[in-house]
1. Over region 221-380, what is the relative contact order in percent, taking alpha-carbon pairs closer than 8 angstrom and at least six residues apart?
2. Express as a percent, rounded to the nearest 5, the fraction of DSSP beta bridges in the chain (both residues included) that run antiparallel.
3. When the accessible area of the chain is computed with all protein chains present and a 1.4 Å probe, what percentage of it is carbon and sulfur?
4. At a Förster distance of 56 Å, what's the computed FRET efficiency of Asp130 paired with Lys531, Cβ-Cβ distance as r, to 0.05?
5. Using modelled amide H (1.01 Å from N, peptide plane; none on Pro or chain starts), what sits under 5 Å from the amide H of Asn104, excluding residues fewer than 5 places away?
6. How much mean residue ellipticity at 222 nm does the chain get from its helices, if each DSSP H run of length 4 or more adds -39500 (n - 2.57) and you divide by all residues, to the nearest 500 deg cm²/dmol?
7. With θ set to phi - 60° and the Karplus curve 6.51 cos²θ - 1.76 cosθ + 1.60, what are the ³J(HN,Hα) couplings of region 199-207 in order, to the nearest whole Hz, using x for Gly and Pro?
8. Could you give each residue of region 460-477 its phi-based ³J(HN,Hα) in whole Hz, using Karplus coefficients 6.51, -1.76, 1.60 with θ = phi - 60°, and x for Gly or Pro?
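The values are calculated or read from the model by the stated rules, or taken from the named source; none is laboratory data. Computed from a prediction, not measured in an experiment: that's the story for all the values here. All Cβ positions, glycine included, derive from the backbone under ideal geometry; neighbour counts span all protein chains shown. For the accessible areas, the whole protein counts, side chains as well, though only heavy atoms, and no ligand, DNA or RNA atoms are used. Shrake-Rupley method; radii C 1.70, N 1.55, O 1.52, S 1.80 Å.
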Amino acid sequence: MPQAIRGIAPAFFSSRSRKVRDLPHIGRQSRETILVRLALSLLCLLLAPMIYAQQPLRWGGDAEGGAPYLLPNPKNPREIIGFEIDLMNALAAQLNRRSVFVQNQWDGLIPGLQRGNYELVVNGLEITDDRKQQVNFSLPYYVCGEQLSVRVEETGIHSLVDLKGKVVGTLKASLAQRILEQAAGIEVRSYENQNNPYDDLAIGRLQAVLMDAPIAVYYSKPNPKLKIVGESIGRMEYGIALRKHDAALLQQVNDALLALIATGELRRIYDKWGIWNKETGEQFEKLVPGSQAQAAPSATPGAAMKDFTENITKQVTWRERLQRWRIYLPPLLLQGAPMTLLISLLSMALAVALGLAVALLNLYAPLPLQWLARAYVEVMRGTPLLIQLYLIFYGLPNIGIRFSPLVAAVLGLGLNYAAYEAENYRAGIQAIPRGQMEAALSLGLTRWQALRHVIVPQALRLVIPPVTNDFIALFKDSSIVSVITMVELTKVYGQLAATYYDYIGVGLLTAAIYFLMGLPFVRLARWAEAKLATDKRAGTVPRA
């Protein structure tokens, strides 16, 4: 029971007992107080179920993955739809909680779960032995196999055996990739996104694609250049992943899934998305005997699949294309651009301040601190930014240090770029003639005063161009923080492009937004360079 209700409920019952005993003997003010407390208590008791229902059930998934799991609604890109959205809404309702989707890149879903970003992972996650060592899985909520797709003119590929010597595409870190790698003689190409392999198959870069059956149904069947061949390969079960210590929640999730199977709700969801199959029916019959007899068919069977198919196969006119581009702008500008700008500005501020400190330590500190500064620069420049982000976001929680995604993104970018800024400042300071330091010291200034008032201001003036370049580079590198659950401009672009199959239109809009956001800073840097220039001769001062 919430704390507020725990505090009020005893007061209500104690007040009511006093009311019966003492009401005839108390004054008007006391009676009014009792009535107010009585009304408040009743209101809290009435609202208690609503308070419980508002407790969020946070779960992780990747909306860039695509249909039929999670994808932006083509009619409203700011809304995420998919059969797993429907599944989690139904499951959360069974638990009397509110479903809250948390965006996370697919291959980082398990680390995000262990880090505590959400309570569950629901995104076509196959139940495998190695994953069971890291997390607990719920009862299977969907069963299917892997399905081969080829071009329509291909007649020699019908099974896994026929793939020997062929180039085959699949989804990165999936069960299909393992199957292909275990079969000898196949050149496997793995993709981050599930629709890109089918594009490459259609234009001839691949000879076949092996994917989960629901993906093949959505991305191969509607394409007139492709066809599905052969029987399903292997068997896989999708499960909801939970942390090892969440045993009570696991039991609640399993109970809720059994209830949804028994009432036929899961069957109706799969019917709506056109992915109901025999394997899932057999699995449900094992879990809840007789459940299929009770299941009522969906009122709109295959409606969601029909909408999706019409969307990706429709030949749009230029007028409709322009209308679509207008639809792209709100999510790009309102969801992606502000986050990109915020991360870039905060990261650059950290990089500039830390870089200057490291440069001064490198040049003027005692020897051990100089070694430390040089080691920092070499390590940060010599290791990939992506690894540093993973260490900060997923690694540090293992030793008790946990940052929010925004703080981790700013720290990762800022610490990495500080190494480059330190080298810029070192070069700028060393470009100042040594005699200026000697002159400042001979005038009675301390070394710190000489640095502060004479050397560093001149060095800052010299390093404006390279620092500006670094800011533009950081601005573009901010797209990499999508791996740690940040939804910024590039991530929104990926989601929209995968939904509308329009990589050119969304890409041009996204590039234009990046350019327009970076342009004012370039102009500001040129103005500062011109303002601070000491050599005012024509041709030596940049035009602001």
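1. Values: 78 pairs, mean separation 25.2, N = 160.
Contact order relative to length: 16 percent.
2. Details: 20 of 35 bridges.
Percentage antiparallel, nearest 5: 55.
3. Values: 15990 of 26640 Å².
Carbon-and-sulfur percentage of accessible area, whole number: 60.
4. Numbers: r = 60 Å, r/R0 = 1.06.
Calculated value: 0.40.
5. Residues meeting the amide H criterion: Gly61, Asp62, Ala63.
6. Values: 24 runs with 306 residues, N = 544.
The per-residue figure over the chain is -17500 deg cm²/dmol.
7. 4, 5, 5, 5, 9, x, 6, 10, 9
8. Per residue, the Karplus-derived 3J(HN,Hα) values read 4, 5, 6, 9, 4, x, x, 5, 4, 4, 5, 5, 5, 5, 5, 3, 7, 5 Hz.
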